[in-house]
Structures are given as structure tokens and as C-alpha cells.
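Before any comments, here is the structure.
The values are calculated or read from the model by the stated rules, or taken from the named source; none is laboratory data. Because the structure is predicted, anything quoted here is derived from the model rather than measured. Glycine gets a Cβ as well: all are built from the backbone with ideal geometry, and neighbour counts include every protein chain shown. The accessibility values were calculated without ligands, DNA or RNA, using every heavy atom of the protein model including side chains. Shrake-Rupley method; radii C 1.70, N 1.55, O 1.52, S 1.80 Å.
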Amino acid sequence: MELFLQQIINGIMLGSTYAVVALGLTLVFGILHIPNFAHGHLYMLGGYVTFFLVTLYGFGFWTAMISSMVVLALVGMFVERVVYRPLRNQPHINSFISAIGALMFLETFVIVAWGPQGQRIPNPYPNPIEIMGIILTQQRLLVIIAAIVLIILLQLFLKKTTPGTTIEAVAQNREGAMLVGINVNRVSSMTFAIATATAAAAASLVAPIFMVSPSMGALLGMKAFIIVILGGLGSVPGAICGGYILGLIEALGGGYISADYKDVFAFGALILILAIKPTGLFGKEAG
Amino acid sequence: MLKLKEVTTVIGGFAAIRNVSLEIEKGEFVALLGSNGAGKTTLFRTIAGVLKPANGSIEFKGLKINKLPPHKIVALGLSLCPEGRQLFPQLSVYKNLMLGAYTRRKDPKGVQQTLEQVYELFPILKERRNQPAGTFSGGQQQMLAIARALMSKPDMLLLDEPSMGLAPLVVQKIADAIKSISKEMGTTVFLSEQNANMALMITDRGYVLENGKLVLSGLSRELRNNDMVKKAYLGA
Ligand SMILES: Nc1ncnc2c1ncn2[C@@H]1O[C@H](COP(=O)(O)OP(=O)(O)O)[C@@H](O)[C@H]1O
Ligand SMILES: [Mg+2]
């Protein structure tokens with residue numbers, strides 16, 4: 001029972017970060033209609049920025065995380081502008097190639113600049129606490145709470161504010177959005193900024209628990225991609241649920257069967273769900 | 001108010017409209033007739049800035065607009081209610097309307113007034129304001145599309161085949177609404193239609209577009225009696 005609860009908490013923690021990263025990916029997908037393959041690598045860069053601000057410049061954890069979000073928002077806008085926008089009216093394959101170029105650049109840049117080894121941010125909240133007989137560090141609890149706060153804020157932004165509504169409008173009908181006077185390029189730019197800033201937040205939150213390393217982006221980007229497909233392309237509730245489902249599957253599969261196979265469970269779940277419901281959990285039928 | 005000089009637009013290597021010149025004065029109610037594939041939609045999308053003309057110039061209220069992006073053209077007071085309606089299907093009727101007023105977001109009082117006006121024009125939109133636009137019937141969606149275009153309080157409204165695919169009774173309702181947009185609200189209206197019967201009954205004058213070229217223009221009542229128009233568009 002204790003193992004079970006422990007793994008559930010781990011799953012929720014993993015799932016929270018997955019949900020945040022997948023949410024950004026699904027928003028960008030809604031706008032561009034292509035996945036941003038470089039998303040995981042931007043997440044990695046966000047982790048590194050926080051790492052350097054904390055270790056080299058002595059920033060506090062929260063200040064470093066918020067600064068990293070700002071930096072990554074700018075990087076995201078830059079990527080949209082130079083990697084995607086020039087290829088807007090070209091076949092999608094061109095954007096894929098461009099995105100792969102961007103992610104290879106990011107990964108190689110980080111390896112050359114800071115080395116291939118993993119780095120650890122000193123844990124700002126290492127003290128363990130006990131809830132219902134399970135012991136976890138405060139940082140883990142913090143990841144969960146911070147991620148949920150981010151998800152709620154993002155939802156409120158999308159549903160309750162005019163700039164948020166323009167993101168939904170462009171996703172649902174690009175030409176309709178232009179015709180009501182929305183500057184769709186500015187909306188793309190804003191969507192990228194939000195997606196990469198939230199990815200940086202997720203990377204910063206888990207950096208004291210796991211590590212930052214040049215390869216952390218590739219696997220996470222792949223998983224976020226799975227989650228977005230699992231939840232239904234472009235679906236916001238799908239990305240959130242998908243994130244938690246994947247986190248729980250990994251934690252339970254890893255805890256009970258074998259940690260070496262946790263990614264097998266994740267990808268296996270994808271294949272299974274898509275075999276049963278090809279449009280994803282929240283996907284619309286054909287179209 | 002709107003002046004096109006020798007406008008040509010190329011889509012996929014094919015000149016869908018060629019050397020179109022026309023002029024519409026403030027307050028006029030003008031029809032654009034043409035069969036399927038004549039180039040009506042291409043002409044309207046070019047005016048609205050979605051497509052860029054390969055040649056020629058477009059002036060609106062004395063300003064050259066043929067190089068401007070669509071969102072700047074709407075802000076100048078020219079609004080297109082597009083073919084296929086292009087609504088935001090998962091957003092509520094109310095949110096669709098509010099997005100229609102996006103260019104006026106700094107003027108909530110004015111927007112509220114226009115909202116009351118369009119609710120008066122189409123009471124069904126008020127009744128169903130919280131329903132997602134995608135759940136509407138074709139006729140209701142068309143009403144919403146027209147209302148959304150009006151929310152920017154345009155000086156000139158382009159309507160691209162609003163009767164397409166609708167039952168005759170609904171077409172009548174839409175025609176009445178368009179007439180009141182022109183006559184009561186004082187909006188300049190440019191209406192494209194294959195349904196020449198309806199268009200020529202309500203407009204003051206019209207143009208006929210064939211294979212991307214304007215071939216005829218005149219007062220609507222004269223066009224109704226024109227032999228070529230009768231044969232090609234009135235099923236006589
Ligand atoms: N996206 C497109 N690609 C290629 N040809 C197009 C495209 N859109 C329209 N056309 C062509 O342009 C011509 C004019 O079409 P359109 O403006 O839609 O006419 P209408 O609105 O009068 O029916 C047609 O011959 C059509 O086949
Ligand atoms: Mg058409």
C-alpha cells in the first residue's frame with residue numbers, strides 16, 4: 001500500500017510536468033497545425049538557464065525560474081520567427097526539417113558550451129515531509145502544486161481574457177481570425193512565447209530532483225508529443241489528462257514491474273489507446 | 001468609398017480575376033453576380049487583403065490598401081463576411097461576436113451598443129448566445145457570420161454568397177436583414193450572389209463577373225430585364 005501511494009505521488013509529479021509541457025505543445029500545434037519538434041529542446045534550454053542563474057550568478061530558485069521563463073519566451077518567439085514563419089505556406093515537410101535543424105542546433109550548442117554531463121541544481125527545499133505515511137521531499141510537492149497553478153492560470157488566460165481567446169480563434173479558424181482583425185502572426189508569436197516559457201518553468205521545477213543534461217529534451221519532447229496525440233491533437237483538456245495518465249503509467253509500471261521498462265509502458269499505452277480510439281482521448285472525429 | 005483599378009489576382013498560377021475595375025460610393029448597395037467559379041470569392045478575398053493582387057490597385061476611403069494585411073483593413077472599416085462563414089465553431093455565439101469587435105476592444109461601450117443592434121437584427125443570437133457556434137444550423141450560422149462582421153462597425157460590408165445552401169424561407173430572412181443593414185444602418189454593402197433573383201431585388205445596381213472578368217454593369221432593375229442576365233442567372 002505504501003509503495004502504491006508512493007508511486008501514485010511520483011506519477012502525479014511526473015504527470016504534472018508532462019501536462020505543462022504537453023499543454024504548450026498542443027497550443028502551438030493548434031496554431032501551426034504541425035508539431036514543434038524542438039519543444040523538448042527548448043524545455044532543456046530552460047533548465048540550463050535556471051541552472052546557470054542559480055549556480056553561477058547566485059540567483060534564488062524562484063527568481064532564476066522566472067528569469068528563465070522570460071528568456072525562453074524570447075527564444076520561443078525567435079524560433080517561431082526564423083524557423084516556422086518563413087515556411088508558413090510551404091509543404092509541412094519543410095517545417096519538419098527546419099524544426100529538426102533547430103533541435104540539433106540546440107542540443108549540440110549545449111553539449112559544446114557546457115559539456116555532455118548532467119548537472120544538478122542544489123535543491124532549494126530538500127527537507128522531507130510526511131503525508132499519510134508517505135515520505136516525500138518538499139520539492140516534489142512543490143512541483144505538483146506549481147504545475148497545477150500554472151495549468152489553472154493558463155486555462156483562465158485562454159478562457160477569460162481577450163488575448164487568450166485570440167489563440168483559440170486562430171486555432172479554430174485562421175482565416176476567420178484574420179477577417180475579424182486579429183494579427184495572426186502576433187498570435188503565433190505569443191503562443192510560442194507562452195509554450196516555451198511554461199516548458200522552462202517545468203524544466204526548472206524538476207531540475208533539483210532529476211538533472212539537467214543535453215539529452216533531457218529529446219525524450220521529454222517525444223513524450224510530450226505522445227501525450228498530445230494521446231489526448232487528441234490540439235486539445236487542451238486532452239494534453240492535461242494525457243500528461244497525468246502517462247506520468248501514472250510510468251510511475252506504476254516502473255515501481256511494480258521494472259524501472260528499466262518505464263518508457264516501454266509509456267509508448268505501449270500510446271499504441272494501445274490509438275488502436276482503440278485513433279483520434280485520441282479528446283480528439284474530434286475525422287477532420 | 002471603394003475603388004479598384006485593373007486588379008488581377010493569381011491563384012496557383014491561374015489568374016482567377018483579371019483587370020477588374022470598379023467603384024462603389026458611400027451608402028450604395030451593390031450586387032456582384034456570377035456563376036460558380038466566376039471569381040467572386042477571389043475578388044472579395046483580394047479586397048479584404050487575404051489574397052494579394054498581382055497587379056492593379058485598391059483604394060478604400062482614399063487610402064491604398066492592396067498591400068495591407070487583413071487585420072489592418074478591418075480596422076479601417078472594411079469587413080468581409082466570407083464564403084463558408086469561417087466562424088469559430090467551439091466558441092460560443094457571444095465570444096464569436098466579441099471577436100468580431102476585436103478591432104474595437106478599447107471601446108467596450110460602443111461594442112455593447114453594436115451588440116444590442118445585432119441582437120435586434122437577429123434575436124436568435126441573443127437567445128442562444130451561450131451555445132457553441134458549431135452547433136447552429138446553416139441559416140443560423142450565416143446570421144452569426146453577418147452579425148460578427150457587423151460587430152467591427154464597418155463603413156463597408158462585403159457579403160460573399162450569404163444565401164448559399166439555404167432554404168428559400170431562410171434566404172428571405174437573410175435578404176431582409178441585409179436590406180436593413182444597408183437602408184437602416186446606412187452601411188455600404190457589396191453583395192456577391194449566384195442567386196441573382198434575390199440580389200437584384202434588393203440592390204440598387206450590380207456588376208456581372210464571368211471567368212474572372214467584369215462583363216456587364218448597370219442598375220439592378222435594368223439588369224433584371226437584360227436578356228443575357230435573364231438567360232444566364234434568372235433561369236428564364
Ligand atoms: N485555392 C485555389 N487554388 C486554385 N484555384 C482556385 C483556388 N480557389 C479558387 N480557384 C479557382 O479560381 C476560380 C474562381 O474561384 P472563386 O473565386 O471561388 O469563384 P466563385 O466565388 O465565383 O465561385 C475558379 O476557377 C476556381 O477553380
Ligand atoms: Mg465563391
- May I ask you to list pairs of residues, at least six apart or on different chains, whose Cβ atoms are under 9 Å apart, with the first in the stretch B:30-45 being more than 18 Å from B:LEU157 (Cβ to Cβ) and the second being within 8 Å of ligand 2 (Cβ to nearest atom) and outside any loop (DSSP other than H, G, I, E, B)? B:GLY34/B:LYS40; B:GLY34/B:SER192
- Query: Could you list, in sequence order, the residues of the stretch A:130-167 that are open to solvent by less than 50 Å² (accessible area, probe 1.4 Å), β-branched (Val, Ile, Thr) and at pLDDT 85 or above?
  - Reply: A:VAL143, A:ILE144, A:ILE151, A:THR161, A:THR165, A:THR166, A:ILE167
- Message: Can you list the helices (runs of 4 or more DSSP H) lying wholly within the stretch B:137-236 that have 3 or more residues being in contact with a strand residue (DSSP E or B) (Cβ under 8 Å, 6 or more places away or on another chain)?
- Response: B:138-150, B:168-183, B:196-202, B:227-233
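With respect to B:GLU127, is the statement that it is surrounded by 17 or more Cβ atoms within 10 Å (Cβ to Cβ), over 18 Å from A:ILE182 (Cβ atoms) and more than 14 Å from chain A (Cβ to nearest Cβ) true?
Working: surrounded by 17 or more Cβ atoms within 10 Å (Cβ to Cβ): no; over 18 Å from A:ILE182 (Cβ atoms): yes; more than 14 Å from chain A (Cβ to nearest Cβ): yes.
For B:GLU127, the condition - surrounded by 17 or more Cβ atoms within 10 Å (Cβ to Cβ), over 18 Å from A:ILE182 (Cβ atoms) and more than 14 Å from chain A (Cβ to nearest Cβ) - is not met.
Return yes or no: is A:TYR261 without any contact (Cβ under 8 Å) to a residue 24 or more places away in the chain, more than 13 Å from chain B (Cβ to nearest Cβ) and either surrounded by fewer than 24 Cβ atoms within 10 Å (Cβ to Cβ) or within 16 Å of the chain's Cα centre (by Cα) (or both)?
Details: without any contact (Cβ under 8 Å) to a residue 24 or more places away in the chain: yes; more than 13 Å from chain B (Cβ to nearest Cβ): yes; either surrounded by fewer than 24 Cβ atoms within 10 Å (Cβ to Cβ) or within 16 Å of the chain's Cα centre (by Cα) (or both): yes.
The answer is yes for A:TYR261.
Consider B:GLY12 carefully, then state whether it is within 16 Å of ligand 1 (Cβ to nearest atom), within 14 Å of chain A (Cβ to nearest Cβ), at pLDDT below 95 and over 16 Å from the mean Cα position of the chain (by Cα).
Numbers: within 16 Å of ligand 1 (Cβ to nearest atom): yes; within 14 Å of chain A (Cβ to nearest Cβ): yes; at pLDDT below 95: yes; over 16 Å from the mean Cα position of the chain (by Cα): yes.
For B:GLY12, the condition - within 16 Å of ligand 1 (Cβ to nearest atom), within 14 Å of chain A (Cβ to nearest Cβ), at pLDDT below 95 and over 16 Å from the mean Cα position of the chain (by Cα) - is met.
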- Message: I need the full set of residues from the stretch B:167-188 which are surrounded by fewer than 19 Cβ atoms within 10 Å (Cβ to Cβ) and either within 16 Å of ligand 1 (Cβ to nearest atom) or of a type in the set (S, T, N, Q) (or both), in order please.
- Response: B:GLN172, B:SER180
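Determine whether the stretch B:116-135 contains at least one residue that is closer than 29 Å to B:LEU2 by Cα and part of a loop (DSSP other than H, G, I, E, B).
Within the stretch B:116-135, the first condition is being closer than 29 Å to B:LEU2 by Cα, and the residues that meet it are B:116-122.
The next check asks that each one be part of a loop (DSSP other than H, G, I, E, B); those that pass are B:122.
Yes - at least one qualifying residue is present in the stretch B:116-135.
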- Candidate set: the stretch B:15-27, residues that are under 16 Å from B:GLU210 (Cα atoms) and open to solvent by 80 Å² or more (accessible area, probe 1.4 Å); chosen: the one nearest to ligand 1 (Cβ to nearest atom): B:ARG18
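Residues are listed down the side, and each one gets a yes or a no for (1) more than 7 Å from chain A (Cβ to nearest Cβ); (2) buried (at least 16 other Cβ atoms within 10 Å of the Cβ):
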{"position": "B:LEU87", "(1), (2)": "no, yes"}
{"position": "B:VAL93", "(1), (2)": "yes, yes"}
{"position": "B:ASN96", "(1), (2)": "yes, yes"}
{"position": "B:PRO108", "(1), (2)": "yes, no"}
{"position": "B:GLN112", "(1), (2)": "yes, no"}
{"position": "B:LEU115", "(1), (2)": "yes, yes"}
- Would you confirm whether any residue within the stretch B:145-160 is more than 14 Å from chain A (Cβ to nearest Cβ), out of contact with any Gly (no Cβ under 9 Å at 6 or more places or on another chain) and more than 16 Å from ligand 1 (Cβ to nearest atom)? no
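Within the stretch A:168-192, work out how many residues are more than 7 Å from chain B (Cβ to nearest Cβ), more than 11 Å from A:LEU27 (Cβ to Cβ) and open to solvent by 30 Å² or more (accessible area, probe 1.4 Å). Before the answer, list the steps.
First, the residues of the stretch A:168-192 that are more than 7 Å from chain B (Cβ to nearest Cβ): A:170-171, A:174, A:177, A:184-192.
Now narrow it down to the ones that are more than 11 Å from A:LEU27 (Cβ to Cβ): A:174, A:177, A:184-186, A:189.
Add one more test, that the residue is open to solvent by 30 Å² or more (accessible area, probe 1.4 Å), and what stays is A:174, A:185-186.
Of the residues in that region, 3 qualify.
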- Considering every residue within the stretch A:72-89, establish whether at least one is modelled with pLDDT of 90 or more, open to solvent by 80 Å² or more (accessible area, probe 1.4 Å) and β-branched (Val, Ile, Thr). no
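Criterion first (out of contact with any Phe, Trp or Tyr (no Cβ under 6 Å at 6 or more places or on another chain) and surrounded by 22 or more Cβ atoms within 10 Å (Cβ to Cβ)) does A:ALA200 satisfy it?
Numbers: out of contact with any Phe, Trp or Tyr (no Cβ under 6 Å at 6 or more places or on another chain): yes; surrounded by 22 or more Cβ atoms within 10 Å (Cβ to Cβ): yes.
Yes; evaluated as a whole, the condition is true for this residue.
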- Quick one: A:MET104 ticks every box in (1) within 29 Å of A:LEU45 (Cα to Cα); (2) open to solvent by less than 70 Å² (accessible area, probe 1.4 Å); (3) among the hydrophobic types (A, V, I, L, M, F, W, C) bar one, so which box is it? (2)
- Task: Take the stretch B:207-223 and flag every residue that is within 16 Å of ligand 2 (Cβ to nearest atom) and open to solvent by less than 10 Å² (accessible area, probe 1.4 Å).
- Result: B:VAL208, B:LEU209, B:GLY212
- Return yes or no: is B:PRO82 in contact (Cβ under 8 Å) with a residue 40 or more places away in the chain, within 7 Å of chain A (Cβ to nearest Cβ) and open to solvent by 20 Å² or more (accessible area, probe 1.4 Å)? no
- Considering only residues of the stretch B:28-65 that are under 11 Å from the mean Cα position of the chain (by Cα) and open to solvent by 10 Å² or more (accessible area, probe 1.4 Å), which is nearest to the other protein chains (Cβ to nearest Cβ)? B:ARG45
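Take A:THR108 and tell me if it is at pLDDT 90 or above and within 14 Å of chain B (Cβ to nearest Cβ). Spell out the reasoning first.
Working: at pLDDT 90 or above: yes; within 14 Å of chain B (Cβ to nearest Cβ): no.
Against the criterion (at pLDDT 90 or above and within 14 Å of chain B (Cβ to nearest Cβ)), A:THR108 does not qualify.
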- Any residue in the stretch B:192-206 that is within 13 Å of ligand 1 (Cβ to nearest atom), of a type in the set (Val, Ile, Thr) and surrounded by fewer than 24 Cβ atoms within 10 Å (Cβ to Cβ)? no
